[in-house]
Amino acid sequence: MPKTHTITLIPGDGIGPEVTDAVVRILEATGVHFTWERFAAGAGAYEKHKEYIPKELVHSIERNRVALKGPVTTPVGGGFASINVTLRKKFELYSNFRPIKNLPGLETRYPGVDLIIVRENTEGLYVGLEHEVVPGVIESLKVITEKASTRIAKWAFAYAQKHSRKKIHAIHKANIMKMSDGLFLRCARDVAKHYPEVTYAEHIIDNTCMQLVMNPYQYDMLLLENLYGDIVSDLCAAFVGGLGLVPGANIGDHAAIFEAVHGSAPDIAGKDIANPTALLQSAILMLRHLDEAGAADRVQTALEKTYAAKKSLTRDVGGTAGTSAFADAVVQALQTQ
Ligand code: NAI
């Protein structure tokens, strides 16, 4: 009997349901057996359950330990706390893993990029500790701990060793934030000593942004605290065609949530024009995590064939096809392998 994988599915807001439907259809065409436990989160969940993250959703992730998630809208400057940040903290998904790689046949600003971003996912300025000291003065706390900094550095170096990556740059602003970013660097340096086969270097964040745009090929893996990682991963997405393409995974010791780097894109929601590739590439990472390497390779090949054929691409990458027509093409490429 083939194994059935039970996955928590959060379609999300905006373009989330469209790209999730497309990806679920492609995954089901692989022949791998899935049971999906679907949940709303955020504003949609609040309307139904009076909770932004329903208890059933939390229990489902606790049971299944793997979730596939579409983007969830977060109100700006008020309202409820980010669902993403909350889930990452709740399940200690400390490693945010974002591979940036070109798809064959797709012309982009930079060809041949192959870069891994490892972002600390639980602390830094994203702990959400803000308060008004006196009217007109807000304090926002940046929390960096030895425990979390060492944990993410170990994850990054272990990944480099396992996947034969050559170099890790720790990215920081320790010239100004001498204590917090200073601690992050000290932890990275200590871990680096145990991995002599991986070259370790440090770059300041502002210089890194300039260096990335001038010559992204000088980097192999970037290790960053939370905020720098968030910003730099959007920047790097542009190297390979934009936010519609780049996958992501939030990984902890007990659970993992796979989601695209992009947000809910309200400007294009409900029009069948969003590109599901980013979530599909996240789902390929999920298949590998589930030990379904064969299916992961087949979906990757089908995706690459669809891009190489250039006939069924979405608008953000220069095509005219809709979300569902793109998914049809990938399913067809899967079935003709
Ligand atoms: P966004 O990533 O939603 O959109 C930025 C630009 O990229 C827009 O022009 C959009 O049309 C385009 N884009 C994004 N994904 C695309 C796709 N798959 N195909 C084609 N074009 C795509 O960023 P924005 O507008 O800053 O955020 C919108 C909402 O999403 C906010 O509420 C934000 O908090 C939330 N968000 C959620 C995330 C998550 O759930 N992981 C991550 C980032 C933002």
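The values are calculated or read from the model by the stated rules, or taken from the named source; none is laboratory data. All values reported here derive from a predicted model rather than from experimental measurement. Please note: Cβ atoms are built from the backbone with ideal geometry, for glycine as well, and neighbour counts cover all protein chains shown. Remember, those area values only see protein heavy atoms, side chains included, never the ligands or the DNA or RNA. Shrake-Rupley method; radii C 1.70, N 1.55, O 1.52, S 1.80 Å.
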- Expressed in nanometres to one decimal, the distance between label points 7 Å along Cα→Cβ at residue 227 and residue 139 is 1.6
- Note on the structure: In nanometres, the difference between 0.36 nm per residue of separation and the alpha-carbon distance of residue 199 and residue 3 is 66.6 nm
- With all protein chains present, calculate the accessible area of residue 56 using a 1.4 Å probe and round the result to the nearest 10 Å². 100
- Query: the stretch 119-183: Rg/Rh from Cα coordinates, Kirkwood Rh?
  - Reply: 1.11
- Task: Whole number please: convex hull volume per residue, Cα atoms of the chain, in Å³.
- Result: 147
- Query: Dividing the alpha-carbon radius of gyration of the stretch 155-300 by 2.2 N^0.38 Å (N being the number of residues), what value is obtained?
  - Reply: 1.16
- Message: Rg/Rh for the stretch 7-51 to two decimals, with Rh computed the Kirkwood way over all alpha-carbon pairs.
- Response: 1.05
- Item | Ellipticity estimate at 222 nm from DSSP helix runs (n ≥ 4, -39,500 (n - 2.57)) divided over the chain, nearest 500 | -12500 deg cm²/dmol
- Residue pairs, from the table 173/305; 50/90; 3/311, whose Cα atoms sit over 30 Å apart: 173/305; 3/311
- Taking each pair of different alpha-carbon atoms in the stretch 234-337 once, compute 1/r for the pair, average those values, and report the inverse of that mean as the Kirkwood hydrodynamic radius in Å to one decimal. 14.3
- Query: Between residue 47 and residue 325, what is the spin-label point distance in nm, taking each point 7 Å from the Cα along the Cα→C-beta axis?
  - Reply: 3.0
- Query: Restricting the count to DSSP beta bridges whose residues both fall in the stretch 109-240, what percent are antiparallel, rounded to a multiple of 5?
  - Reply: 25
- Note on the structure: antiparallel share of DSSP beta bridges within the chain, to nearest 5, in %, is 40
- Item | Gaussian network model of the chain, Cα within-10 Å springs - most flexible of 177, 221, 286 | 177
- Query: Suppose every K and R has +1 on its Cβ and every D and E has -1 on its Cβ; what is the size of the dipole of the chain about the Cα centre, in Debye to the nearest 20?
  - Reply: 680
- Message: For the stretch 109-240, place one equal point scatterer on every Cα, skip the solvent, and apply the Debye formula. What is log10 of I(q)/I(0) at q = 0.09, 0.11 Å⁻¹?
- Response: -0.27, -0.40
- Query: Per residue, how many Å² of accessible area does the chain show with a 1.4 Å probe?
  - Reply: 45
